[in-house]
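Enquirer: If you scroll down you'll find the structure; I have some questions about it.
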Amino acid sequence: MVTMKEIAIKSGVSQSTVSRVVSGSVSVNPEIKRKVMEWVRKLDYQPNIVAQSLVSNKSLLIGVIITNISNPFFADVIKAVESEAAKYGYSIILCNTDGNLDKEKMYISIMKRYNVDGILIVPSNAKDSYFQRLRKMEMPVVVITQDIQGFSCVSISHYLSAKEVAKHLINMGYSKFVFIGGEEDEKCIGFKDQIQFSGFNVDKDFFILSNNAVNTDLKDLLENKLKNQGVGIFAYNDIEALIILHLLKEMKVEIPKRVALVGFDNTFISKEVSPTLSSVCQPIEEIGRQSVEILIDNICKKKNVVEKHIIIEPRLVVRQSSLKSVTY
C-alpha cells in the first residue's frame, strides 16, 4: 500500500506538504500541488479518509444539489464540479430535487448528517424563507447558475443573455415574439425589456406561454393570431426548445423563414437537431471551476468569509434555427 511518505519522496516535498495537498488546503503553491497530485495518480495513492477526517475535522465531501439531473446542462455542470473538486482531494455527493422544495430540505438534512464540508446548490425556490435560513448554517453554501443575495454565487446573467437573444431576433427581421417559460424568470424579463426598448408594443407583439401548456397554446397562437409569420420564439432551456421544434415540424412551419427558435444552455442537443438550434452558451467549465474554488476557500476560512458574486459573460451561439439567410 502506497504511503504519504512515498508520495513525498517522489514529489521532492515534505510529508506535511503532501498532507496539505490531499486534504484540500489552498495554501499550497499550484505548481507543487500539480506535482504532488501527479504522483498521487501515478501511484494510485488512496488516503485514509476516516483518519484524515478525525485529524482535520473534515469529511473531504462536497454536497451537490441540483434541480434536474435529466437536463444535459446539469449533467455537464456535475462533471465539471466533480473534476475540479478532485483536484483538491474532495469527492461529491449528488442529490437531484426535481425542483421540489421538500426534497431539497430533505437532502440538506442528509448533507448535515454526512458532515459534508460544504454544499453547491441550484435552489428550487430561492425566495422561500427556508432557503434564506441556510445562510446561518456553519456549513458553507455556494449557489450555482443563479445570483442570490446573501450567498456566494457563480452564474451568468440570464437577464443580459435574454436581451442578446431579443436583439438577434430583431436584427433578423422578426416582429412578433414569444417566450416559453415563467413570467418571473430573468430571461423573460430581459427578453421583454429589450423588445420594448427596441420600439415594439409588448401588449401586441410579445407573448408569454407556460411550458406546461405549450403544445396546445403555442399551436393556437401561431396558427390563429400570428399566422406563422415573422415570429421569434425563445425557450427557457434547450429541452423545451426541442419540444417546440418537433411541434413546429408537425405544423409544417418553415424554420427560420417564418418562425425562429432559440434555446438556452447550448447543450449537445443544439448541435444534433435539424435545423441546428441557436442557444445561449453557459461556460460550464468556468462555472465548475469558480464555484468549487469559492467553496473550498470558504471551507478553509470558516470565519470572515467574503460574499462573492461571480457573473460570467454570456454568449449567444447562432445556428440555423434563427438565421434567416441559411439553407439546410
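Enquirer: In the set V142, V77, V81, which member is under 30 Å from F268 (Cα atoms), in a strand (DSSP E or B) and either open to solvent by 40 Å² or more (accessible area, probe 1.4 Å) or not polar (S, T, N, Q) (or both)?
Expert: V142
Enquirer: Just checking: which of the helices (runs of 4 or more DSSP H) contained wholly in the range 198-297 hold 2 or more residues that are open to solvent by less than 30 Å² (accessible area, probe 1.4 Å), of a type outside the set (D, E) and closer than 30 Å to I92 by Cα?
Expert: Helices (runs of 4 or more DSSP H) meeting the threshold: 269-272.
Enquirer: Looking only at the range 1-28, filter to residues that are closer than 20 Å to E293 by Cα and open to solvent by 80 Å² or more (accessible area, probe 1.4 Å); which one of those is modelled with the highest pLDDT?
Expert: Top of the filtered list is R20.
Enquirer: Six or more apart or on different chains, Cβ under 8 Å: which pairs go from a residue in the range 124-140 that's under 20 Å from D185 (Cβ atoms) and without any contact (Cβ under 8 Å) to a residue 60 or more places away in the chain to one that's of a type in the set (K, R) and open to solvent by 40 Å² or more (accessible area, probe 1.4 Å)? Could you list them?
Expert: As it stands, the answer is S124/K103, since those pairs meet every condition given.
Enquirer: Here's another thing I want to ask about it. Quick check, is I195 closer than 22 Å to N71 by Cα, buried (at least 22 other Cβ atoms within 10 Å of the Cβ) and either of a type outside the set (D, E) or modelled with pLDDT under 95 (or both)?
Expert: It is false that I195 is closer than 22 Å to N71 by Cα, buried (at least 22 other Cβ atoms within 10 Å of the Cβ) and either of a type outside the set (D, E) or modelled with pLDDT under 95 (or both).
Enquirer: Applying the selection to the range 164-189, what residues are outside any helix (DSSP H, G or I), surrounded by fewer than 22 Cβ atoms within 10 Å (Cβ to Cβ) and of a type in the set (A, V, I, L, M, F, W, C)?
Expert: The one that is outside any helix (DSSP H, G or I), surrounded by fewer than 22 Cβ atoms within 10 Å (Cβ to Cβ) and of a type in the set (A, V, I, L, M, F, W, C): M172.
Enquirer: Quick one: would you say P314 is in contact with a helix residue (DSSP H, G or I) (Cβ under 7 Å, 6 or more places away or on another chain) and modelled with pLDDT under 90?
Expert: yes
The values are calculated or read from the model by the stated rules, or taken from the named source; none is laboratory data. Keep in mind it's a predicted model, so treat the numbers as computed, not measured. We place every Cβ from the backbone using ideal geometry, glycine too, and count neighbours over all the protein chains shown. Areas reflect the complete protein model, heavy atoms only, side chains present, ligands, DNA and RNA absent. Shrake-Rupley method; radii C 1.70, N 1.55, O 1.52, S 1.80 Å.
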